[in-house]
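Working notes, structure below.
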Amino acid sequence: MAVFMMVLGLFFVMLCSCTALLRWNEVRYRKKGLPPGTMGWPVFGETTEFLRQGPNFMKNHRARHGSFFKSHILGCPTIVSMDPELNRYILMNEAKGLVPGYPQSMLDILGKCNIAAVHGSTHKHMRAALLALVCPTMIKDRLLPKIDDFMRTHLSSWDNKVIDIHQKTKEMALLSSLKQIAGIESSSIAQQLIPEFFKLVIGTLSLPINLPGTNYRRGLRARKNLVGILRELLEQRRASEESHQDMLEGLMRKDDNRYKLTDDEIIDQIITIMYSGYETVSTTSMMAVKYLHDHPRVLEELRKEHMEIRGRKRAEDPIEWNDLKSMRFTRAVIFETSRLATIVNGVLRKTTEEMELNGFVIPKGWRIYVYTREINYDPFLYPDPLAFNPWRWLDRSLESQGNFFIFGGGTRMCPGKELGIAEISTFLHYFVTRYSWKEVGEDKLMRFPRVEAPNGLHIRVSSS
């Protein structure tokens, strides 16, 4: 009986302590003018609930507090905006007291010079350097031939096999990126780089707790190893007189390059290119395969478009710029996949000064989470929003409407948008013209915080 009473008392003390901590944290952030909302636990806030509940966390908070509310997620006090017009204003007015506000783990691991971390004149300089590498002329003359050569080879051995398309598209996106950056997709450097890169990606999605065994510590170590590998690559290039015609050569060129970068800036840009292209290209490609499998009429229309292109060519002829521009339905499939799967849930900004938004006062240093996921399912913008309907995108005005945030917005519009579309289009070209496929098993997809297949997405591939 005494033991029972002791346990009961201990439970009661813990319950009171937890209640007091939650209450203290709410009072701590109860400042006049702040939006409504809850802050959760000290330090951790509501991060666990946010990651576990995903979109339902946002819907529940919106039901209780409206479309503009406060929370504490991903390690910092955050204002969540689910209002389309307000989101558009925030994305279009970065310089007015707002800068990128990505999680500290991402900033630490991707580097202080990566384009997502910088703002003002530095951002303009970095963005211009990247745009020079991925402009239409560069895609047409240098990058598309590399992409075509890689995709043709990468997909050549899939016949009569059961493959994990989730793993294959991850490999495809990273190796294709390495080929475009420095032509090292099959070198010993790539074998050193790939495992470190995967650790880096996981580290950016973790809480910034620098303790042994944490994903954040592993991510920091992976970054250090990657920087060493890339620095060695820069030294090799400088010692060689050979012309490479790739992104790295463009970043390193000093003579006719208006956007001269230091070695640290070059390395951070390489890591940024790898990171951003990997996540979007691999996930969109995997989900396109999934949606095409589930919607035979869409697959039939897509295959028809690509068979017409193939019919104008010899078997060995590559995909060229004019072929890419003619893939109207393919582009529509990519956009619809990105919308329905919601590859990107939103973007983060940080206040550089106390400011007023939507009638509320936002303190200096707070994050603003521009949550764009719900816009993708707005029935006024996309009738029958849960249907996979690429035909809706054949009206190009949908791509240019003000609430189109699939590739970001304002001065932060993804500079590699067209390059990513070129990669996915070329992948789909060779995949649907060579193969048919059926899903094997009942693999489950996870939609939040990232779209992924935790146990893989297995398909049986056979020649068409």
**Q.** Residues located in region 222-239, provided they are under 19 Å from Leu205 (Cα atoms) and either of a type in the set (S, T, N, Q) or surrounded by 14 or more Cβ atoms within 10 Å (Cβ to Cβ) (or both)
**A.** Ala222, Arg223, Asn225, Leu226
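Working carefully through the options Glu356, Glu316, find the one that is over 25 Å from the mean Cα position of the chain (by Cα), charged (D, E, K, R), in a strand (DSSP E or B) and at negative phi. Write out each step before concluding.
On the way: Glu316 fails: in a strand (DSSP E or B).
None of the other options fit; the residue is Glu356.
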Q) Can you name the residue in region 184-207 that is in contact (Cβ under 8 Å) with a residue 40 or more places away in the chain and farther than 17 Å from Val227 by Cα and is also surrounded by the most Cβ atoms within 10 Å (Cβ to Cβ) among such residues? A) Ser206
Q) Which one is nearest to Gly359 (Cα to Cα), of the residues in region 74-90 that are modelled with pLDDT of 90 or more and among the hydroxyl-bearing types (Ser, Thr, Tyr)? A) Ser81
Q: With the checklist (1) at pLDDT 90 or above; (2) touching a helix residue (DSSP H, G or I) at 6+ places or on another chain (Cβ under 8 Å) in hand, flag the one item Arg62 doesn't pass.
A: (2)
(Q) Please pick out the residue among Leu233, Leu261 that is out of contact with any Gly (no Cβ under 6 Å at 6 or more places or on another chain), under 28 Å from Ala422 (Cβ atoms), touching a residue at least 12 places away in the same chain (Cβ under 8 Å) and assigned to a loop (DSSP other than H, G, I, E, B). (A) Leu261
Q.
Take Arg253 and tell me if it is surrounded by fewer than 19 Cβ atoms within 10 Å (Cβ to Cβ), touching a residue at least 12 places away in the same chain (Cβ under 8 Å) and either in contact with a strand residue (DSSP E or B) (Cβ under 8 Å, 6 or more places away or on another chain) or not aliphatic (A, V, I, L, M) (or both).
A. no
Q.
I'm told Trp158 meets every condition in (1) over 30 Å from Ala315 (Cβ atoms); (2) touching a residue at least 60 places away in the same chain (Cβ under 8 Å); (3) of a type in the set (Phe, Trp, Tyr) except one. Can you identify the failing condition by its number?
A. (1)
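The rows are residues; the columns are (1) in contact with a His (Cβ under 6 Å, 6 or more places away or on another chain); (2) modelled with pLDDT of 95 or more; (3) assigned to a helix (DSSP H, G or I); (4) not hydroxyl-bearing (Ser, Thr, Tyr).
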| site | (1), (2), (3), (4) |
| --- | --- |
| Lys170 | no, no, yes, yes |
| Ile209 | no, no, no, yes |
| Arg221 | no, yes, yes, yes |
| Arg238 | no, no, yes, yes |
Q: Go through (1) more than 30 Å from Gln269 (Cα to Cα); (2) touching a residue at least 12 places away in the same chain (Cβ under 8 Å); (3) in contact with a Gly (Cβ under 8 Å, 6 or more places away or on another chain); (4) not in a strand (DSSP E or B) one by one and return the number of the condition Leu86 breaks.
A: (3)
Q: Could you list, in sequence order, all residues of region 152-183 that are aliphatic (A, V, I, L, M), over 23 Å from the mean Cα position of the chain (by Cα) and crowded, with 17+ Cβ neighbours inside 10 Å?
A: Leu155, Ile163
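Suppose we filter Glu242, Glu265 for residues that are exposed (fewer than 14 other Cβ atoms within 10 Å of the Cβ) and out of contact with any Lys or Arg (no Cβ under 8 Å at 6 or more places or on another chain); which single one remains? Explain how you work it out, then say what you get.
Values: Glu265 fails: exposed (fewer than 14 other Cβ atoms within 10 Å of the Cβ).
Just a single option satisfies the conditions, and that option is Glu242.
A quick yes/no check of all residues on (1) of a type outside the set (A, V, I, L, M, F, W, C); (2) touching a residue at least 24 places away in the same chain (Cβ under 8 Å):
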residue	(1), (2)
Val347	no, yes
Asp378	yes, yes
Phe388	no, yes
Arg396	yes, no
Met413	no, no
Ala422	no, yes
Tyr435	yes, yes
Q. From the residues in region 444-463 that are assigned to a loop (DSSP other than H, G, I, E, B) and either free of Cβ contacts under 8 Å to residues at least 40 places away in the same chain or of a type in the set (Gly, Ala, Ser) (or both), which one is surrounded by the most Cβ atoms within 10 Å (Cβ to Cβ)?
A. Ala453
Q: Please specify each residue of region 391-421 satisfying the condition of being under 21 Å from the mean Cα position of the chain (by Cα) and at pLDDT 90 or above.
A: Glu418, Leu419, Gly420, Ile421
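Mind telling me which of the residues Pro383, Pro318, Pro390 ends up being surrounded by 20 or more Cβ atoms within 10 Å (Cβ to Cβ) and more than 30 Å from Leu74 (Cα to Cα)? Before you say what the answer is, go through the steps one by one.
Values: Pro383 fails: surrounded by 20 or more Cβ atoms within 10 Å (Cβ to Cβ); Pro318 fails: surrounded by 20 or more Cβ atoms within 10 Å (Cβ to Cβ).
After applying the criteria, what remains is Pro390.
The values are calculated or read from the model by the stated rules, or taken from the named source; none is laboratory data. Please read these numbers as outputs of a predicted model, since none were measured by experiment. So basically every Cβ, Gly included, is an ideal-geometry build from the backbone, and we count neighbours across all protein chains shown.
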